[in-house]
Amino acid sequence: MAAVKPTVGISAAAAISIAVISYFLLSNHSSKLRSKQKNKNSANEILNSKKKKKKEGLVSAIGSTPLVRINSLSDATGCEILGKAEFLNPGGSVKDRVAVKIIEEALASGQLVKGGVVTEGSAGSTAVSLATVAPAYGCKCHVVIPDDAAIEKSQILEALGATVERVRPVSITHRDHFVNIARRRASEATKLAAKQREATVMEANDLAEINHDISWQEECLHTLSTDCKGGFFADQFENLANFRAHYEGTGPEIWDQTGGNLHAFIAAAGTGGTLAGVSHFLKEKDPTVKCYLIDPPGSGLFNKVTRGVMYTREEAEGKRLKNPFDTITEGIGINRLTKNFMMAELDGAYRGTDKEAVEMSRYLLRNDGLFVGSSSAMNCVGAVKLAHALGPGQTIVTILCDSGIRHLSKFYNPQYLSEYGLTPCATGLEFLDPH
């Protein structure tokens, strides 16, 4: 029996080993099966999510804009200078992306309902984009715009069916700054909607009295007076849907279109959404990509990026006695930090001038057939300054925000330009200050 015990011990040990190995093999197999099933479920969820998010109609045509080589600037600098042709969006500008994102997020959160009024204060293209896409979501649009903005913007807005309220330009600290008025209009619309719901049992004259209490200008009352569903203030400067529109859309498109082979990105900022969203995305994909701001006259963002302060105490917005002539570019440049701009990841900044922007717009028209607006021209000024700083062989991307069609009365008006000594006369790129 003594001779048999070791054999029994060995057999038991072997059996235990086999059992343990089998357990781990089966467990590993089961784990792989569960992992595959989980991946399959995740893939299905993503697929279903994409199906749910599939856009139709006008909205489906927004985004996926071409990235074009700007031949004249590329050949002159030895860099590949590429422009994201956002003027090809249905509403004619980069702000179409923002309008869709703002409205969709507001509808999803319940802050906006079908039949509601989207209000916005805008001197740039955001107003036109909101007026373009709002009807696609069954909503109305009310825009408050400074009366020194190009008149064709108001004409376009009215043609799109938006209600336009033109007001005098004042500091953002003033209650009657166009942005602050737009915020009030949304609140008033929401209050009116609540009162109209209560007024279902009221007499017609009672309802008229309610409408009279709302502080809208007479020509604006029709926007709200019939079946108002409430208001929503788009708040393009502080609403981070602006940032997300470019982080989720414009940035990835640029990355894919360049195959990830780009060295730098540069753009101006108004709300800061485009610059922030694109720079944030590109830096995540490749931290070596350099991102820069190009800033127009009168804006404090250049100082903020390069020196850490926006302006001297005397220059602070709200301290000025009047609204000065700072720049003829519209929709870019600002003297306050917005939530969107604070998301930007920047390596530096350049200052552009009105003269450079005007000359650049004519240069691009002559040499490339590109008819661009003031902000697009300023972006191209920045791209060339950056190309000179980085040297030949770099790939630089910028944004062609909108076309010149919205800038005829000012930026492309010879008489207006002559009044400010901005008549274009350059034949090449000699007008550019490299700094």
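We did not get these values from a lab; they are worked out from the coordinates using the rules stated. What you see is a predicted model; the values in this text were computed from it and never measured. We place every Cβ from the backbone using ideal geometry, glycine too, and count neighbours over all the protein chains shown.
Summing Lys and Arg as +1 and Asp and Glu as -1 over all other residues whose Cβ lies under 10 Å from the Cβ of Gly83 gives a net charge of 0.
Exceeding 31 Å between C-alpha atoms, which entries from my cross-link table qualify? They are Lys95/Lys304; Lys140/Lys304; Lys84/Lys153; Lys191/Lys339; Lys385/Lys410; Lys84/Lys229. Check vs 31 Å cut-off fails for Lys140/Lys304; Lys84/Lys229. Using the beta-carbon distance between Ala389 and Tyr416 and R0 = 30 Å, what value does 1/(1 + (r/R0)^6) give for FRET efficiency, to the nearest 0.05? The calculated FRET efficiency here is 0.40.
Of the trypsin sites (Lys or Arg not before Pro) in the range 53-97, the ones in a loop by DSSP (not H, G, I, E or B) with at most 12 other beta carbons within 10 Å are Lys54.
Taking a Cβ cut-off of under 9 Å around Gly231, the surrounding Lys, Arg, Asp and Glu residues balance to a net charge of +2, with basic ones at +1 and acidic ones at -1. Find out how many positive minus negative residues lie around Arg366, taking Lys and Arg as positive, Asp and Glu as negative, among other residues whose Cβ is under 15 Å from that of Arg366. Neighbourhood net charge equals -3.
For the pair Val68 and Glu248 in one chain, pulling the backbone fully straight at 0.36 nm per residue adds 62.8 nm over the alpha carbon distance. Once label points are set 7 Å from the Cα along Cα→Cβ at both Asp433 and Asp326, what is their separation, rounded to one decimal in nm? Here the answer is 1.7 nm between the modelled labels.
With the highest mean first, a sort of the peptides 413-420, 147-154, 297-304 on other beta-carbon atoms found within 10 angstrom per residue produces 297-304, 147-154, 413-420.
Put a dot 7 Å past the Cα of Ile172, heading toward its Cβ, do the same for Leu337, and the two dots end up 1.2 nm apart. Peptide packing: for 232-238, 376-382, the average count of neighbouring Cβ atoms within 10 Å per residue gives the ranking 376-382, 232-238, highest mean first.
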